[in-house]
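A.B. asks: Here it is: the structure, laid out below.
The values are calculated or read from the model by the stated rules, or taken from the named source; none is laboratory data. Only a predicted model underlies this, so the values are computations on that prediction, with no experimental measurement involved. In this analysis, Cβ positions are derived from the backbone assuming ideal geometry, glycine residues included, and neighbour counts consider all displayed protein chains.
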Amino acid sequence: MSARDVVITGIGLVSCLGEGAEVHWKAFETPSLPPPTDSERFAPYTVHALPEIDWTSQIPKKGDQRQMELWQRLGVYAAGLALDDAGLKSNEALCTTMDMIVAAGSGERDKEVDENILEATLTRNDAEALINEKLTNDLRPTLFLAQLSNLLAGNISIVHKITGSSRTFMGEEGAGVSALQTAVARLASGQSTHTLVGGAFQTEHPDKLLAYELGGYLHRGKWQPLWDRHAEGGGVITGSGGAFLVLETREHAQARGARIYAVVDKVASSLSSRAKGKLAQDIAAIVEALGAEPGRLIISGASGAPGPTRTERQALAAHVLRGFSALTGHLKEAQLPFAVALAALSLFNGHAPGTMSDTETPYDVAPDTVLATAIGHHRGEGAALLRKA
């Protein structure tokens with residue numbers, strides 16, 4: 001135990017299962033299968049869509065809500081839940097000195113502008129003039145075909161008054177890994193005392209599904225358990241959701257009497273080439289670097305993408321896996337923060353989540369350490385080792 005231990009004091013989760021740490025823990029404690037999905041709106045693809053959310057409970061001003069796209073509202077909302085859970089929401093002094101690290105993709109593309117450009121190319125041959133014309137006249141004020149990635153951090157700052165340093169990482173699942181790894185390193189080194197870290201992803205938009213489908217990643221048809229999909233070729237079922245964590249040094253958390261869920265002991269990452277077949281080796285190296293002994297509980301952020309998911313399962317065969325995206329859908333940038341949140345809840349509550357398919361094995365021991373992984377569907381991988389507080 002050290003004063004510089006990095007501890008989790010706040011958890012904010014939103015997904016198809018609902019909102020809040022307690023709601024999600026109950027859903028994972030005794031999983032109800034199949035989980036909430038929508039197989040009609042984007043057929044032949046299935047998504048884990050959001051339930052009805054009262055955005056005003058975390059984003060009171062309607063004007064703020066209107067100028068945010070759904071992925072931003074999700075992130076701001078989850079961040080507010082984490083701050084509430086940590087008991088920091090009304091502490092102006094601590095909010096104004098809190099650092100923030102966000103994992104974000106690009107915002108939703110303007111579908112109408114994209115379609116207008118494509119339609120115009122059918123009747124015009126002056127491509128350069130056409131692009132200049134459309135980009136000059138049709139773009140939104142952000143001067144981008146999608147909202148800027150750092151607007152999520154900006155809106156969290158505006159709504160929740162988080163005005164310490166701010167960093168935004170882009171890059172799919174790897175962005176969530178980098179965000180967490182940076183936050184933990186800064187806290188452990190004394191560069192920060194309390195940090196808000198996390199990400200959000202929303203799948204209920206055609207361009208988000210298109211990006212997966214162009215790579216041949218998506219599962220077609222109705223929901224199937226995560227680990228069972230590879231028998232039919234595999235596939236990602238995406239979801240809308242967000243996950244934010246309040247991280248503090250143990251000294252800082254204890255000084256204000258905060259509840260501590262768990263300690264984030266270490267975070268490790270790599271950038272393995274899928275084409276060169278090194279992923280299994282790199283996953284094993286990450287686990288070894290974290291010191292996770294065989295038989296440990298692992299909250300896996302496996303996406304369902306055939307190759308990486310199959311490889312992760314084989315590489316971690318000596319451990320007990322829980323593939324949480326079976327219930328929430330794949331959450332891309334938010335994948336590792338979400339996995340870490342569930343790992344922390346497992347340690348705090350003294351037992352593993354329930355099994356989410358017939359191929360997951362029971363885990364009847366009260367865990368003292370839990371590993372959380374996020375193995376990218378396309379690139380990037382990382383994991384965090386958590387231990388009891």
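A.B. asks: Please go through region 262-309 and pick out each residue that is within 27 Å of A366 (Cα to Cα), in contact with a Lys or Arg (Cβ under 8 Å, 6 or more places away or on another chain) and of a type outside the set (S, T, N, Q).
C.D. replies: A262, V263, D265, A289, L290, G291, L297, I298, I299, A302
A.B. asks: Give me the pairs, please: first residue somewhere in region 263-278 and within 25 Å of D368 (Cα to Cα) and in contact (Cβ under 8 Å) with a residue 60 or more places away in the chain, second residue anywhere and crowded, with 18+ Cβ neighbours inside 10 Å and of a type in the set (K, R), beta-carbon distance under 8 Å, and either six or more positions apart or on two chains.
C.D. replies: Taking only residues 6 or more apart or on different chains, the pairs are V263/R250.
A.B. asks: Restricting to helices (runs of 4 or more DSSP H) lying wholly in region 42-139: which have 1 or more residues that are of a type in the set (A, V, I, L, M, F, W, C) and at pLDDT 90 or above? So that I can check it myself, show each step before the final result.
C.D. replies: Working: elements: 62-66, 70-86, 92-96, 111-121, 127-137.
Hits in region 42-139: 70-86, 92-96.
A.B. asks: Filter region 266-277 for residues that are under 18 Å from E173 (Cα atoms) and of a type outside the set (G, A, S) and give the result.
C.D. replies: K266, V267, L271, R274
A.B. asks: Based on what the data block shows, is P353 crowded, with 20+ Cβ neighbours inside 10 Å, within 19 Å of L290 (Cα to Cα) and either among the basic types (K, R) or modelled with pLDDT of 95 or more (or both)? Walk me through how you get there before you give the answer.
C.D. replies: On the way: crowded, with 20+ Cβ neighbours inside 10 Å: yes; within 19 Å of L290 (Cα to Cα): no; either among the basic types (K, R) or modelled with pLDDT of 95 or more (or both): yes.
It is false that P353 is crowded, with 20+ Cβ neighbours inside 10 Å, within 19 Å of L290 (Cα to Cα) and either among the basic types (K, R) or modelled with pLDDT of 95 or more (or both).
A.B. asks: Shifting gears a bit: Taking T203 as the residue in question, decide whether it is out of contact with any helix residue (DSSP H, G or I) (no Cβ under 6 Å at 6 or more places or on another chain), surrounded by 17 or more Cβ atoms within 10 Å (Cβ to Cβ) and not aromatic (F, W, Y).
C.D. replies: Taking the combined requirement at face value, the residue satisfies it.
A.B. asks: Here are some conditions: (1) more than 16 Å from V159 (Cβ to Cβ); (2) of a type in the set (A, V, I, L, M); (3) assigned to a loop (DSSP other than H, G, I, E, B). L13 meets all but one. Which one does it not meet?
C.D. replies: In the conditions (1) more than 16 Å from V159 (Cβ to Cβ); (2) of a type in the set (A, V, I, L, M); (3) assigned to a loop (DSSP other than H, G, I, E, B), L13 misses (3) alone.
A.B. asks: Restricting to region 310-338, count the residues that are more than 12 Å from E360 (Cα to Cα), in contact (Cβ under 8 Å) with a residue 60 or more places away in the chain and buried (at least 24 other Cβ atoms within 10 Å of the Cβ).
C.D. replies: Here the count works out to 14.
A.B. asks: Which residue is surrounded by the fewest Cβ atoms within 10 Å (Cβ to Cβ), if the candidates are limited to region 230-261 and must be in contact with a helix residue (DSSP H, G or I) (Cβ under 8 Å, 6 or more places away or on another chain) and at pLDDT below 95?
C.D. replies: This residue is G233.
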